[in-house]
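Please read the structure below before turning to the comments.
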Amino acid sequence: MKIAPVLRAIDQKNAVFAPVLVHTGQHYSPELSDVFFEQLGIRKPDAHLEAGSGSHGAQTARVLEAFERFLLESSPAVSAVMVVGDVNSTIAAALAAAKLQIPVIHLEAGLRSFDRAMPEEINRLATDAISALLLVSEPAGEMNLRNEGVAAARIRYVGNVMIDTLVHHLPDARSTEGDYAVATLHRPSNVDGRESLSEIARFLSEIARRVKVVFPVHPRTKARLHEFGLLTELEAAGVSLLGPQGYIENLGLMRGARFVLTDSGGIQEETSYLSVPCLTLRENTERPSTISHGTNTLVGRDFALGLHLVDEILAGRYKKSAGIPGWDGHAAERVVDAVAEFLAGSRCSIAAS
């Protein structure tokens, strides 16, 4: 969802560098990988590292080793590596490039939850520390990087490429009919523990008394719901359980929802652009503009607050989105311009992972 608009902008602007697309294989199941390539019109990757799943250390190590080998064997030589987001592949590819003295460009730099218990926060901090060019998507990101001592010359505010993808595909996403809310959950802190997931299941069941709840279930979450015996509880409460959705189907669900309940950072962004109320089951967010300017509210474990906000939303008393700078559907164009400037107009290859 972040690479698709960048590749499209490179083609549209006839950029002076040639992109090489690398799929690390961190997300490898068809419903979490292939369907996105197909729906978003992303071409077949030039290389597939097939890293697969595993512990954070094992997965990061496999991507690092495989990507290093790819860089060493590339011809012509790679001139820069663009990494996106904050997953294990992000830091692994960045480390491989930096150790080979290849400049790293971090797309979506500067995001901070200030919670180092989150693996993604460690990935963000480490990747930004070794990146030569930091492309910022969130207004608070620039301030975060400057507070960490990053030189202004290394920072460019480009806006949010996720919104580019949303704008591009919104005409294809038909709103689902009916009066309903959408729930999405996948973070280990919410779904891996019996107590935490049981509390959330009760919360969803209570919401389902007020409005229909549609719940596309992530494979990780489904496994835990089954293990803890919670699937029947949700079904009995009337929660509509779906399989993982493609990007366009999920966008259609969100577009027509009364509100969205989530622990996803990307969905906080998308709902803010769509002006759909978003209740986030986390104690923090690395995207504070979705709270100050968007439709997001952090609920955390305060389910009483969550139910109060649900009632406010259903009564039409919830806040509206005010719009966020650079979330305009043209961020990828600014990314390409920033990369071209960084590379000083020379022709090169960028390995995007």
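The values are calculated or read from the model by the stated rules, or taken from the named source; none is laboratory data. Being a predicted model, the structure only gives us computed values, none of them experimental. As a convention, Cβ positions derive from the backbone with ideal geometry for all residues, glycine included, and neighbour counts pool all protein chains shown. Keep in mind that these areas ignore ligands, DNA and RNA; they rest on the heavy atoms of the full protein, side chains included. Shrake-Rupley method; radii C 1.70, N 1.55, O 1.52, S 1.80 Å.
Here are a few things to note about the model shown:
- Within the range 84-101, the set of residues being in contact (Cβ under 8 Å) with a residue 40 or more places away in the chain and in contact with a helix residue (DSSP H, G or I) (Cβ under 7 Å, 6 or more places away or on another chain) comprises Val84, Asp86, Val87, Asn88, Ser89, Thr90, Ala92, Ala93, Ala97.
- With respect to being free of Cβ contacts under 8 Å to residues at least 40 places away in the same chain and either under 17 Å from the mean Cα position of the chain (by Cα) or within 20 Å of Gln268 (Cβ to Cβ) (or both), Glu65 falls outside the description.
- Selection within the range 275-292 - crowded, with 17+ Cβ neighbours inside 10 Å and either farther than 22 Å from Arg116 by Cβ or in contact with a helix residue (DSSP H, G or I) (Cβ under 7 Å, 6 or more places away or on another chain) (or both): Val276, Pro277, Cys278, Leu279, Thr280, Leu281, Thr285, Glu286, Arg287, Pro288, Ser289, Thr290
- Near pairs, Cβ below 6 angstrom, 6+ apart or cross-chain, from the range 200-224 (closer than 14 Å to Val182 by Cβ) to any residue that is open to solvent by less than 10 Å² (accessible area, probe 1.4 Å) and not hydrophobic (A, V, I, L, M, F, W, C): Lys212/Tyr180; Val214/Tyr180
- Of everything listed in (1) within 20 Å of Pro188 (Cβ to Cβ); (2) surrounded by fewer than 20 Cβ atoms within 10 Å (Cβ to Cβ); (3) not basic (Lys, Arg), the single unmet condition for Ser79 is (1).
- Considering only residues in the range 82-92 that are closer than 22 Å to Asn144 by Cβ and among the hydrophobic types (A, V, I, L, M, F, W, C), the one that is surrounded by the most Cβ atoms within 10 Å (Cβ to Cβ) turns out to be Val83.
- Condition met for Ser272 (modelled with pLDDT of 95 or more, of a type in the set (Ser, Thr, Tyr) and crowded, with 22+ Cβ neighbours inside 10 Å): yes
- Scanning the range 1-41 for residues that are modelled with pLDDT under 95, among the hydrophobic types (A, V, I, L, M, F, W, C), closer than 15 Å to Ala332 by Cβ and not in a helix (DSSP H, G or I) returns Met1, Ala15, Phe17.
- Total residues in the range 218-262, condition crowded, with 21+ Cβ neighbours inside 10 Å and either of a type in the set (Asp, Glu) or under 19 Å from Ile291 (Cα atoms) (or both): 6
- Here Asp328 does not qualify as modelled with pLDDT of 95 or more, in a helix (DSSP H, G or I) and either open to solvent by less than 10 Å² (accessible area, probe 1.4 Å) or acidic (Asp, Glu) (or both).
- Pair list, Cβ under 9 Å, 6 or more apart: the range 152-167 residue within 10 Å of Leu134 (Cα to Cα), other residue assigned to a helix (DSSP H, G or I) and aromatic (Phe, Trp, Tyr): Arg156/Phe342
- Condition broken by Val182, with the remaining ones in (1) at pLDDT 95 or above; (2) of a type outside the set (Gly, Ala, Ser); (3) farther than 24 Å from Val211 by Cβ satisfied: (3)
- Residues of the range 290-342 satisfying the condition of being in contact with a Gly (Cβ under 8 Å, 6 or more places away or on another chain) and more than 21 Å from Met1 (Cα to Cα): His293, Val299, Ser321, Ala322
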